[in-house]
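Structure first, then comments.
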Amino acid sequence: MNFTGDTKTTKVAVAGLPSFEFRASDNNNDLKAISSEMVGEHFLGKLVAEKMYLLNSKYTYEVPIVPGNPQTRTMIRKPVIYDAVKKIERYLKKSVKKGELTTETASAEFNKVLDVAFNVLTAETASFEKAIGETNDANSLTNLFTKQVNLVF
């Protein structure tokens, strides 16, 4: 006979950080095709400016609102990931302005974030997008992209 006071249960919660692994490819050919006239200035440098241009060209596309009307609507592929990258960019910009991060550190972190964003565009990312949705602040998002994602070349 079991009584409610007789059972002993121990709950062990293991808070392991989820690790995501994605196949990766080198995007140097895409970066070489971008001229300096196509990209603008970026506070984290020329390479980040080129990668941001490439991010916008890969993640966004235009669709007509009504056939025959020249107006178009901008659509975003994988909006959860795209919005997370934009949020991280704003966070790093504020951190650099406040002096919490150096420009070099912020540039290195954002380059890693952009590399992850390029390589997950065509991958199955349902669990990764769920983890992004559960993350509240931009610092945690940065850690998710830079420390919990493994790109396999």
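The values are calculated or read from the model by the stated rules, or taken from the named source; none is laboratory data. Quick caveat, the model's predicted, so the values are computed rather than measured. Glycine also receives a Cβ, built like all others from the backbone with ideal geometry; neighbour counts cover every protein chain displayed. All accessible areas refer to the heavy atoms of the entire protein, side chains included, with ligands and DNA or RNA removed. Shrake-Rupley method; radii C 1.70, N 1.55, O 1.52, S 1.80 Å.
One residue is enough: does the stretch 110-120 have a residue meeting the conditions under 20 Å from Leu151 (Cβ atoms), of a type in the set (Asp, Glu) and crowded, with 19+ Cβ neighbours inside 10 Å?
The initial filter retains those residues of the stretch 110-120 that are under 20 Å from Leu151 (Cβ atoms), namely 110-120.
Subsequent filtering for residues that are of a type in the set (Asp, Glu) retains 115.
Cutting the leftovers down to crowded, with 19+ Cβ neighbours inside 10 Å gives us none.
No, the conditions are met nowhere in the stretch 110-120.
To keep it simple, each residue is scored yes or no on (1) without any contact (Cβ under 8 Å) to a residue 40 or more places away in the chain; (2) of a type outside the set (Asp, Glu).
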position: Tyr82; (1), (2): yes, yes
position: Ile88; (1), (2): no, yes
position: Val96; (1), (2): no, yes
position: Gly99; (1), (2): yes, yes
position: Thr102; (1), (2): yes, yes
position: Ala108; (1), (2): yes, yes
position: Ala117; (1), (2): no, yes
position: Glu129; (1), (2): no, no
position: Phe153; (1), (2): no, yes
Exactly one of Ser25, Ser57 is of a type in the set (Ser, Thr, Tyr), open to solvent by 40 Å² or more (accessible area, probe 1.4 Å), within 26 Å of Val152 (Cβ to Cβ) and at pLDDT 90 or above, and that residue is Ser57
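Among Thr105, Thr135, which is within 24 Å of Thr60 (Cα to Cα) and either hydroxyl-bearing (Ser, Thr, Tyr) or open to solvent by 60 Å² or more (accessible area, probe 1.4 Å) (or both)?
One residue alone meets the criteria, Thr135.
Would you list the helices (runs of 4 or more DSSP H) that sit entirely within the stretch 19-111 and hold 2 or more residues that are within 14 Å of the chain's Cα centre (by Cα)? If you could, list the steps in order and put the result at the bottom.
Details: elements: 28-32, 46-59, 79-98.
So the answer is 46-59, 79-98.
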